[in-house]
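Written below as structure tokens is the structure these notes are about.
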4 protein chains.
Amino acid sequence: MQSAPFSAIDAAGRRPRWILCRGMERVDHTAVQQALPGYHDDKDAVLKRLRRVEGQVRGLQRLVKEDQYCIDVLTQVAATTKALQAVAVQLLEDHLQHCVQEAVMAGGDEARDKVAEASQAVARFLRT
Amino acid sequence: MQSAPFSAIDAAGRRPRWILCRGMERVDHTAVQQALPGYHDDKDAVLKRLRRVEGQVRGLQRLVKEDQYCIDVLTQVAATTKALQAVAVQLLEDHLQHCVQEAVMAGGDEARDKVAEASQAVARFLRT
Amino acid sequence: MQSAPFSAIDAAGRRPRWILCRGMERVDHTAVQQALPGYHDDKDAVLKRLRRVEGQVRGLQRLVKEDQYCIDVLTQVAATTKALQAVAVQLLEDHLQHCVQEAVMAGGDEARDKVAEASQAVARFLRT
Amino acid sequence: MQSAPFSAIDAAGRRPRWILCRGMERVDHTAVQQALPGYHDDKDAVLKRLRRVEGQVRGLQRLVKEDQYCIDVLTQVAATTKALQAVAVQLLEDHLQHCVQEAVMAGGDEARDKVAEASQAVARFLRT
């Protein structure tokens, strides 16, 4: 029986410890049901954004099929990459708010590794 | 009478004058059948790339639905934006190879305007 | 009385609490000497990178003064932006390793605000 | 003896043929004094922008020396990369307006190669 619903908030008003990111080691196993990603609470919003991006990519195919003007297609490609990068920023913020914070509170080397991993993820979005 | 197919090449080995980009004014109307975009010859390749990007965006939705780890999703978002930007570079090159070259050969202010337009399109992909 | 030098490490092997980022509120004032930025320990490395970027920008001016070929100048501009973005990733990682971690350990709303602020800083590097 | 000043405009109102980009082969050598880059007419403006970027990079070093807050430094790094990318867009536009147009008017394979080269230069600014 699962005693604590996902909406539970701990005494300090923090996100409950048992909503953890995958890959994290837990010292205290009492409440963990499963590892959840940092975007878990925003899942619907993230999926909605991704479905819209999918619609934009299909729109791009339609523009190309219809022989629309190159610059008009390019403008829409730019809008689509912009929408994708906004998804990335949301995922990053969720990851930092939940997974990285959990790692910091858990202590040890985990926090340092999580931050290094997140920084490398950002670097993949820049031209470094 | 000129009934040249789209694969025709002019005497100088240049892309035929009647494959023009939308929006271009033509002084000589004799051969123009219709305005075609610069990516016309690469249309299948562009569509294939866009279908692959669409597949990547659907893959992103699957990762999110399956609660996959934030960083793994972010890495795939980065790969998808990279693929989209490669489409943009192809469209830009096709546009410069055909539309801008046509405008230059047609002479007048058209060429200057086309180049300014293409530069602005590039600026939309950078953070300027 | 704690008169720990900046190189001191706490019992848990963590960066000392008194190396804090500017703008952070502290509950416990005993050990704080002054607020230090997250890149404090990497300051020399960051400055060295920035001096190299400055050299690259002066090199760009020399190329332009010497009428070097446009594409060669553009290639060096790209290398310079790449170097700048690498500085940004280092500053971000230092900020997350120190300032954000401090905020998380301090508890309260501070951590959430710090993470939102860092995410917005990343967004400024993307075209969102 | 140089008979045509750089400000000369040809009969068709086009930029004179003898302002060419480096690396271009010329069929007609009569007027060429030397190869000039596409940004030649904007040289002062480009240098002014680059000096301002240099000032920004020195400002970044000052912020770091003064232990300014990480996010404030990051914001200025973002502004500096933005300024550099604006230089890139100006150089690209000048290159397309002059060097690529010259190549197109000269005819032959030169134009195709110049456009491919410019597209690759753009790709270096994107994460492709």
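Would you check if A:D72 is open to solvent by 10 Å² or more (accessible area, probe 1.4 Å) and either modelled with pLDDT under 95 or touching a strand residue (DSSP E or B) at 6+ places or on another chain (Cβ under 6 Å) (or both)? Here the answer is no, as A:D72 does not meet what is asked.
Only one of the listed residues (B:A78, B:A45) is more than 9 Å from chain A (Cβ to nearest Cβ), of a type in the set (A, V, I, L, M) and either on the phi < 0 side of the Ramachandran plot or part of a helix (DSSP H, G or I) (or both). That residue is B:A45.
Residues are listed down the side, and each one gets a yes or a no for (1) touching a residue at least 24 places away in the same chain (Cβ under 8 Å); (2) touching a Cys at 6+ places or on another chain (Cβ under 6 Å); (3) of a type outside the set (K, R); (4) more than 25 Å from A:R124 (Cα to Cα):
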| residue | (1), (2), (3), (4) |
| --- | --- |
| C:L63 | no, no, yes, yes |
| C:L74 | no, no, yes, no |
| C:C99 | yes, yes, yes, no |
| C:Q120 | no, no, yes, no |
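Would a scan of the range C:105-118 turn up a residue that is part of a helix (DSSP H, G or I) and touching a Gly at 6+ places or on another chain (Cβ under 7 Å)? No, every residue in the range C:105-118 fails to be part of a helix (DSSP H, G or I) and touching a Gly at 6+ places or on another chain (Cβ under 7 Å).
Among the listed residues B:H40, B:H98, identify the single one that is at pLDDT below 95 and touching an Asp or Glu at 6+ places or on another chain (Cβ under 7 Å). Walk me through how you get there before you give the answer.
On the way: B:H98 fails: touching an Asp or Glu at 6+ places or on another chain (Cβ under 7 Å).
Sole residue among the options that is at pLDDT below 95 and touching an Asp or Glu at 6+ places or on another chain (Cβ under 7 Å): B:H40.
Evaluate the following for A:A118: is it facing chain C (nearest Cβ under 9 Å), closer than 27 Å to C:A78 by Cβ and open to solvent by less than 10 Å² (accessible area, probe 1.4 Å)?
Working: facing chain C (nearest Cβ under 9 Å): yes; closer than 27 Å to C:A78 by Cβ: yes; open to solvent by less than 10 Å² (accessible area, probe 1.4 Å): yes.
So A:A118 passes the test.
All conditions but one from (1) open to solvent by 20 Å² or more (accessible area, probe 1.4 Å); (2) facing chain A (nearest Cβ under 8 Å); (3) touching a residue at least 40 places away in the same chain (Cβ under 8 Å) apply to B:R58; the one that does not is (3). Scanning the range D:94-108 for residues being buried (at least 21 other Cβ atoms within 10 Å of the Cβ) and within 8 Å of chain B (Cβ to nearest Cβ) gives a total of 5.
When the criteria are applied in full, C:T80 meets the requirement of being at pLDDT 90 or above, under 19 Å from the mean Cα position of the chain (by Cα) and among the polar types (S, T, N, Q).
The values are calculated or read from the model by the stated rules, or taken from the named source; none is laboratory data. Everything numeric in this text was worked out from a predicted model, so none of it was measured. Heads up, the Cβs are rebuilt from the backbone with ideal geometry, glycines too, and the neighbour counts pull from every protein chain shown. Please note that ligands, DNA and RNA were not included when accessible areas were found on the heavy atoms of the full protein model with its side chains. Shrake-Rupley method; radii C 1.70, N 1.55, O 1.52, S 1.80 Å.
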